[in-house]
Amino acid sequence: MESLKLNLNKDFRRLYARGHSYVHPAVVSYIIPNNRKIIRYGITTGKKIGCAVMRNRARRLIEAAARECFKNMNSQGADIVFVARSRTVSVKSTDIKIALEQHFKAEGLLP
């Protein structure tokens, strides 16, 4: 399924306010289904994660895991924001992928 990145602050705020949140020790997901048949996603990493190198690593791990999950998604679209947590940099991308699959199944995006 095709995916685009979210860049606008208003989109992130909308997802924080209205989205369904799913929590894992490594990542938090905010999800809202949309009618666009396309996945739009954004990743946030705060300064609590560490220096810029650690924040970039966390983003890369989440993005790699998300891309793998997007391949198996239903044709329904969604807006998603992933929030990195302090454990994100210390886990493997396969662990993050398992967590994201659980989040997407709970939302009904994965079969």
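The values are calculated or read from the model by the stated rules, or taken from the named source; none is laboratory data. Worth saying up front: this structure is predicted, and the values here are computed from it rather than measured. Every residue, glycine among them, receives a Cβ derived from its backbone with ideal geometry; neighbour counts consider all protein chains shown. Quick note on the areas: whole protein, heavy atoms, side chains included, nothing else; ligands and nucleic acids left out. Shrake-Rupley method; radii C 1.70, N 1.55, O 1.52, S 1.80 Å.
Side notes on the structure shown:
- Between Leu6 and Tyr41, Gly42, the built amide H atoms are under 5 Å apart, and every one of these is 5 or more places off in sequence or on another chain.
- Angle between the chain longest axis and helix 52-70 axis [Cα atoms, degrees, rounded to 10]: 30 degrees
- Counting only protein heavy atoms and a probe of 1.4 Å, the accessible surface of the range 1-109 is 48% carbon and sulfur.
- Ordering Ser21, Leu8, Ala66 by Cα displacement along the dipole of the chain toward the positive end leaves Leu8 in first place; charges were set at the Cβ atoms of Lys, Arg (+1) and Asp, Glu (-1).
- By a 1.4 Å probe calculation restricted to protein chains, Tyr16 has an accessible surface near 90 Å², given to the nearest 10.
- Linear extension gain, Leu4 paired with Lys71, 0.36 nm per residue minus alpha-carbon span: 22.8 nm
- To the nearest ten degrees, helix 93-107 and the longest principal axis of the Cα atoms of the chain are 30 degrees apart.
- Only protein heavy atoms count here; under a 1.4 Å probe, Ser86 has an accessible surface of about 80 Å².
- What the chain shows is 57 Å² of accessible area per residue, with the surface traced by a 1.4 Å probe over protein heavy atoms.
- Computed accessible area, Met54, all protein chains, 1.4 angstrom probe, square angstrom: 70 Å²
- Heavy-atom accessible area ranking, 1.4 Å probe, most first, across Leu110, Leu8: Leu8, Leu110
- Largest accessible area first, the listed residues Ser29, Ser90, Ser3 line up as Ser90, Ser3, Ser29 when surface is computed with a 1.4 Å probe on the assembled protein chains.
- For the range 32-52, backbone nitrogen atoms closer than 16 Å to the point 7 Å from Arg87 Cα along Cα-to-C-beta are found at 49.
- Given (1) 21, 16, 12; (2) 26, 15, 12; (3) 24, 14, 12, the label whose value is semi-axes √(5λ) of the Cα gyration tensor in Å derived from this model: (1)
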